Amino acid sequence: MTAPICDATIIHEDVVNAVRASLPEDGTMMKLAELFAVLGDGTRVKVLCALQRAEMCVCDISALLGMSKSAISHQLRTLRQAKLVRYRRDGKNVYYALDDEHVGSVFAQGLAHVLE
């Protein structure tokens, strides 16, 4: 099945100009692309799914996903750099959670979309 192709050569300048004026700046678009790249890894998606349900430490996530603590720590570092997760210390323990409600919302909407 192929996508339909427009045979017309007319450019609707009013539409093009209106859309151009409403687009975010290039730097913002690059940040959005980087966010989606971070979300493009299955392990990171699993970590986010787990953290959407509960605050967890590296050991807990490691046990849940059947991966080494080192591998989980690496993924959490990437998620932290993308501002998708945060951590808090409690004595010797470090607990991870989603950074804010926006992360949970993006994740929930993406999951709802793929389940349609």
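Across segment 14-70, which residue is surrounded by the fewest Cβ atoms within 10 Å (Cβ to Cβ) among those that are β-branched (Val, Ile, Thr) and under 20 Å from Asp100 (Cβ atoms)? Outline the logic, then answer.
Step one: list which residues in segment 14-70 are β-branched (Val, Ile, Thr), which gives 15-16, 19, 28, 38, 43, 45, 47, 58, 61.
Narrowing the set further to residues that are under 20 Å from Asp100 (Cβ atoms) leaves 28, 38, 45, 47, 61.
On the way: Thr28: 10, Val38: 17, Val45: 16, Val47: 24, Ile61: 21.
If we take residues in segment 14-70 being β-branched (Val, Ile, Thr) and under 20 Å from Asp100 (Cβ atoms), then Thr28 is surrounded by the fewest Cβ atoms within 10 Å (Cβ to Cβ).
Is there any pair linking a residue in segment 99-116 that is touching a residue at least 24 places away in the same chain (Cβ under 8 Å) to one that is polar (S, T, N, Q), with Cβ under 6 Å and at least six apart or on different chains, and which?
Note: pairs meeting the criteria are Gly104/Gln52; Phe107/Gln52.
I'm told Asn93 meets every condition in (1) free of Cβ contacts under 8 Å to residues at least 12 places away in the same chain; (2) exposed (fewer than 14 other Cβ atoms within 10 Å of the Cβ); (3) more than 15 Å from Lys46 (Cα to Cα) except one. Can you identify the failing condition by its number?
(1)
List, please: which pairs have Cβ atoms under 9 Å, are six or more places apart or on different chains, and start with a residue in segment 61-80 that is over 16 Å from Leu39 (Cα atoms) and end with one that is part of a helix (DSSP H, G or I) and among the charged types (D, E, K, R)?
Here the result reads Ile61/Lys46; Ile61/Lys69; Ser62/Lys69; Leu64/Lys46; Leu65/Lys46, each pair linking segment 61-80 to a residue that is part of a helix (DSSP H, G or I) and among the charged types (D, E, K, R).
Read-outs throughout are calculated quantities, based only on the coordinates presented, and are distinct from any laboratory measurement. Predicted model only: the values in this text are computed from it and were never measured. FYI the Cβ positions are ideal-geometry reconstructions off the backbone, even for glycines, and counts take in every protein chain you see.
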